[in-house]
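K.L.:
Pasting in a structure now, in structure tokens, and then I'll have a few things to ask.
A short reminder: the numbers here are calculations on the coordinates, not readings from a lab. On a predicted model such as this, the values are computed, not experimentally measured, just so you know. Backbone-built Cβ (ideal geometry, glycine too); neighbour counts: all protein chains shown.
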Amino acid sequence: MWRKHAVQSMFYSMPDRPQDIYVALRPTEELNEPDLLFYWTTIAPPGNTLPEDAHLVGEYAAGKAFLLPMDEKRSGYLVLFSLAHHLVVDSGKVEKLP
């Protein structure tokens, strides 16, 4: 799913709120980029920049659960962005989620 790194991405929801989708990221190797931020977007990142519709989900931490801002399409891209370097470190396409 991810273009540059091996990252296990686990999607889940809570029984009392099945419409809310969470994701936890666990890379096989530590991501060494400084100031990593986690974004959700419906448009593929153009090169090393964030798309205009990118929504900040939070400060990246391995294993941390993030609530994704789903729309009716329920698909998009997960993006790791280095604030220090102002570039997309990696992105992964998410097919339609339940």
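K.L.:
Is it the case that some residue within the range 16-24 is at negative phi, in contact with a Phe, Trp or Tyr (Cβ under 7 Å, 6 or more places away or on another chain) and surrounded by fewer than 14 Cβ atoms within 10 Å (Cβ to Cβ)?
P.N.:
Our first condition is that a residue be at negative phi; within the range 16-24, this holds for 16-24.
This time we only want the ones that are in contact with a Phe, Trp or Tyr (Cβ under 7 Å, 6 or more places away or on another chain), so: 21-23.
Cutting the leftovers down to surrounded by fewer than 14 Cβ atoms within 10 Å (Cβ to Cβ) gives us none.
No, the range 16-24 contains no residue that is at negative phi, in contact with a Phe, Trp or Tyr (Cβ under 7 Å, 6 or more places away or on another chain) and surrounded by fewer than 14 Cβ atoms within 10 Å (Cβ to Cβ).
K.L.:
Can you find a residue in the range 69-90 that is among the hydroxyl-bearing types (S, T, Y) and under 9 Å from the mean Cα position of the chain (by Cα)?
P.N.:
yes
K.L.:
Further question on the same structure: Kindly evaluate Y39 against the criterion of being out of contact with any Phe, Trp or Tyr (no Cβ under 7 Å at 6 or more places or on another chain), among the aromatic types (F, W, Y) and either in a loop (DSSP other than H, G, I, E, B) or closer than 22 Å to P98 by Cα (or both).
P.N.:
No.
K.L.:
Tell me which residues, restricted to the range 1-32, are part of a loop (DSSP other than H, G, I, E, B), out of contact with any Asp or Glu (no Cβ under 9 Å at 6 or more places or on another chain) and among the charged types (D, E, K, R).
P.N.:
D16, E29, E30
K.L.:
In the range 61-92, what count of residues is obtained for those that are touching a residue at least 60 places away in the same chain (Cβ under 8 Å) and either in contact with a Gly (Cβ under 8 Å, 6 or more places away or on another chain) or in a loop (DSSP other than H, G, I, E, B) (or both)?
P.N.:
Here the count works out to 1.
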